[in-house]
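Down below is the structure, laid out as structure tokens.
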Amino acid sequence: MNIFRLAGDMTHLASVLVLLLKIHTIKSCAGVSLKTQELYVIVFATRYLDIFTSFVSIYNSLMKLIFLGSSFSIVWYMRYHKAVHRTYDREQDTFRHWFLMLPCILLALLIHEKFTFFEVMWTFSLYLEAVAILPQLVLLQRTRNIDNLTGQYIFLLGGYRGFYILNWIYRYFTEPHYVHWITWISGLVQTLLYADFFYYYFLSWKNNKKLQLPA
Amino acid sequence: PKDRSAKDEL
């Protein structure tokens, strides 16, 4: 564990907490994409299949449980909690899951390190996580109405990805045999998807104005 | 054995 990895995990945790705070206390999920949240459930469910069979540390297992539990509860809130569900931008959040999942399934079947069930599912989760934010970014672009919490949620998620890249660079130079092309390339793609959002986020922050995306 | 250390990340 290095400082970049820890910072990445903590920003990831913070992003989930910000989203839960918005949904649980304000009872609103306006501007939040249910499609993206459902994709995250699939990402965590397929990545942490080994949660009971391979033990790394208490920290790892605990974080896995937190990410699984929080993503499930966010989806539950958005689908079944009456007050929260009313605030969901259903008409705008039209991205098709299969449009993202199918290419990721095919890619995981073609490009992986080992052709075993667990390994292909794990690789699929990496590919899917890289693009899971797309419905959320499309929703933002469409509604263009971004409250502070939604903006902070996406900013923290992007920050988590940025820290993970620093973590990989650090590990590459400090640990022998630490080469993971699949993880790195999908992680890099994922981080690049945030670039546009980050640009406007910093612009609004610099000018001390409310975040607004161009049409 | 092959290094599987990417698996210790989240």
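We did not get these values from a lab; they are worked out from the coordinates using the rules stated. Remember, predicted model here, so these are calculated numbers, not experimental data. Counting neighbours? That spans all protein chains shown, and the Cβs are built from the backbone with ideal geometry, glycine included.
Checked against the criterion of being out of contact with any Phe, Trp or Tyr (no Cβ under 7 Å at 6 or more places or on another chain), under 17 Å from A:LEU19 (Cα atoms) and among the hydrophobic types (A, V, I, L, M, F, W, C), the candidates A:LEU192, A:LEU137, A:LEU156 yield just one match: A:LEU156. In region A:1-58, the residue that is nearest to the chain's Cα centre (by Cα) out of those that are of a type in the set (Ser, Thr, Tyr) and part of a loop (DSSP other than H, G, I, E, B) is A:SER33.
Taking the criterion of being surrounded by fewer than 17 Cβ atoms within 10 Å (Cβ to Cβ) and either touching a residue at least 12 places away in the same chain (Cβ under 8 Å) or touching a Lys or Arg at 6+ places or on another chain (Cβ under 8 Å) (or both), the residues of region A:106-126 that qualify are A:ILE111, A:GLU113, A:PHE118. Among the residues of region A:135-183, those identified as surrounded by 17 or more Cβ atoms within 10 Å (Cβ to Cβ) and within 14 Å of chain B (Cβ to nearest Cβ) are A:LEU157, A:TYR160, A:ARG161, A:PHE163, A:TYR164, A:ASN167, A:TRP168, A:ARG171, A:HIS180, A:ILE182, A:THR183.
Within region A:143-151, not a single residue is closer than 13 Å to A:SER33 by Cβ and in contact with a Cys (Cβ under 6 Å, 6 or more places away or on another chain).
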